[in-house]
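Notes for the one structure printed next.
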Amino acid sequence: MATSSSSALFNHPALWRGKECAQVAIPSVPTGFAELDVLLPGGGWPAETITEIYAERSGIGEMQLLMPAFARLTLNERWLMLITPPYIPYAPALAARGVRLSHVMLLRVQDIGMQLWACEQALRSGACGAALLWVDRIQERALRRVQLAAEGSGSIVMLFRGAKSVPVTSASLRLHLSKAESRTIVRILKRRGGGIPAPVALDLHGGVSHRSATTGLTAPSQHCTAPSGR
């Protein structure tokens, strides 16, 4: 019995094994960039938990970084929920990266409480592959509800924040994005298993027209309003 218990303990996915700090057995979606996957627990974007992305400035490559995962999810009949993005999604850019537009849903609502509620409902639906939120100020208690909704959903949850935003402690993965010449620099600030690896430089724009490659977004979304409900 003792041997069996010890074996179960040492094979537990939450157990940290020193140098294998990034090799945590958790559900994930491959990022599409091998040099990034090798640094992430589970070998991709962690599912059923929150990932925070801090961009040095808007349009630095934050959407391009997610395109391969989006394409994979939509091809598997999973939905993408974009909740009040700063810009309207540029459909040709999404389609050029293999994203099925029929499985992309855009929600425009200004109240942060409604944004979080919508995110929770999407995650609990069982059909959502990824939920994306753009917020700078958010209470830990409110975000905890999103985390609870994410657990068991199989979905990835992306929280986009300004570079000066206060970190949210419940996020299991935290990234900082910056630009160096034609490359997007991805710095891992926090990951499960511990350890901070060296930054990785990614070419996110290969084989895509300049406009499609810039952000995946276009005109400011304040020009797109939600239905009145009448």
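Every number in this text was worked out from the coordinates using simple rules, so none of it is lab data. These figures come from a predicted structure and were not determined experimentally. Using ideal geometry, Cβ is built from the backbone for each residue, glycine included, and neighbour counts are taken over all protein chains shown.
For segment 75-166, the square roots a ≥ b ≥ c of the C-alpha gyration tensor eigenvalues yield an a/c of 1.5 or more together with a/b not exceeding b/c, which makes the shape oblate.
Ranked by the mean number of other Cβ atoms within 10 Å of their residues, highest first, the peptides 120-130, 41-51 come out as 41-51, 120-130. Within segment 22-209, antiparallel bridges make up roughly 30 percent of the DSSP beta bridges whose residues both belong there.
Mind running the shape call on segment 22-209? Use the C-alpha gyration tensor, a ≥ b ≥ c as the square roots of the eigenvalues: rounded below 1.5 for a/c, prolate if a/b tops b/c, oblate otherwise. Verdict is rounded for segment 22-209.
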